[in-house]
Amino acid sequence: MDERLPWHERLWRQLQQRLAAGRLPHALLLAGRVGLGKLVFARRLARALLCEKRTDEGDACGCCRGCRLFRAGSHPDFSAVRPAEDGKAIKIDQIRDLRDFLGLTAQYGGYKIALLEPADRLNLSAANSLLKTLEEPPGNGLLLLVTAQPARLPATVRSRCQTIRFDPPPLAEAISWLAPQTNGGLKPGTLLDVAGGAPLAALAYAGGESWNRRRELVERYEQVLTGQLDPVRAVEYWLQGDLAENLRWLIGWHTDLIRLKMDLEPPCLSSPDLRAVLRRWAKRQPANVLFDRLDAAIRLYTLCSTTQINAQLLLEAFLGDGAGSGEPDVSRTCA
């Protein structure tokens, strides 16, 4: 997706001001939750910087030689680096090639731009290799690091980049953008609630696959809580799809359980479409257990998002009896 997104415009104007003042850094870290269009923004910026006839707003013209080459994926001064396979790491050989690329003179006399996404997939050796480029950046080089999990990057890498932080847009703006694209199905407000206010994530839910996976995880989690499904078997479902997304849902459900425990009609829920099942869970579990489970879910997400730890074992401990892990006893929560 290469387009202008309305909630990007403030950040775009700020970046254009820095560019006009000659203060564009050699490395930008584009960080924010999934579904805010960070990669869209990064490609928009790269395309604009490689354009020969930028518009007054700083965007690419779409017609010049640079724009045609970028659109075709063959611009000699642009390189995109991502894992060779989904879910795998960005390796040191890829970063060495990237350093060689940035060390060459730009063929068209402008910027040499490298895009890393998702940057948090750099393994330790690759991150250390990238650090050398960050410490001694080439004069015409620009590194764009895109990540939804900046904490997974070494602090030494983060500190040598200037961060552009992406936050969810105001609800009215998000609904205005999303509503025409949902074809009258699920309510835009509900999709945005579940997506944490991220419009692109909400749009993906409207497509069905993620939404259906979420509904299946609700069913499987209830089966675990009621003793109908072996926790070890349940882990297989949680490891399917985007694990980070699955765990964000888990945290949201437990946050909602506490809200429902405190107030049968809370002013807001992160999953309003699940109100009935969440009420059922909340009635079954005492408040202190709900708080413990929320803490455990947050720890689970943090460990899986910021370390290379074995997610399967952590999930088994969370969903199971938690023996030796300090997690709450699931069987006790269902008593």
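Miscellaneous remarks
- The residue list Ala234, Ala195 contains one member that is among the hydrophobic types (A, V, I, L, M, F, W, C) and either within 30 Å of Arg4 (Cβ to Cβ) or assigned by TED's automatic domain parsing to the domain that holds Thr147 (or both), which is Ala195.
- When Leu257 is tested against the conditions (1) of a type outside the set (Val, Ile, Thr); (2) under 14 Å from Val34 (Cβ atoms); (3) buried (at least 19 other Cβ atoms within 10 Å of the Cβ); (4) assigned by TED's automatic domain parsing to the domain that holds Leu294, the lone failure is (2).
- Taking the range 1-43 as the range and being in a loop (DSSP other than H, G, I, E, B) and among the acidic types (Asp, Glu) as the test, the residues that pass are Asp2, Glu3.
- Taking first residues from the range 104-133 that are farther than 13 Å from Lys91 by Cα and touching a residue at least 60 places away in the same chain (Cβ under 8 Å) and partners that are of a type in the set (D, E, K, R) and surrounded by 21 or more Cβ atoms within 10 Å (Cβ to Cβ), the Cβ contacts under 8 Å between residues at least 6 apart in sequence or on separate chains come to Gly110/Asp77; Tyr111/Asp77; Ile113/Asp77; Leu115/Arg43.
- Within the range 280-303, residues that are within 20 Å of Ala317 (Cα to Cα) reach partners that are among the charged types (D, E, K, R) with beta carbons closer than 6 Å, at six or more positions or on different chains, in the pairs Leu290/Lys261; Ala296/Glu327.
- Candidate set from the range 153-168 (those that are within 18 Å of the chain's Cα centre (by Cα) and part of a loop (DSSP other than H, G, I, E, B)); member that is nearest to Leu30 (Cα to Cα): Phe166
- Some residue of the range 253-261 being out of contact with any strand residue (DSSP E or B) (no Cβ under 7 Å at 6 or more places or on another chain), not in a helix (DSSP H, G or I) and not hydrophobic (A, V, I, L, M, F, W, C): no
- The set of residues in the range 226-248 being of a type in the set (Ser, Thr, Tyr) and either modelled with pLDDT of 90 or more or within 27 Å of the chain's Cα centre (by Cα) (or both) consists of Tyr237 alone.
The values are calculated or read from the model by the stated rules, or taken from the named source; none is laboratory data. What you are looking at is a predicted structure, and each value in this text was computed from that prediction instead of being measured. With ideal geometry, Cβ positions are generated from the backbone for all residues, glycine too; neighbour counts draw on all protein chains shown.
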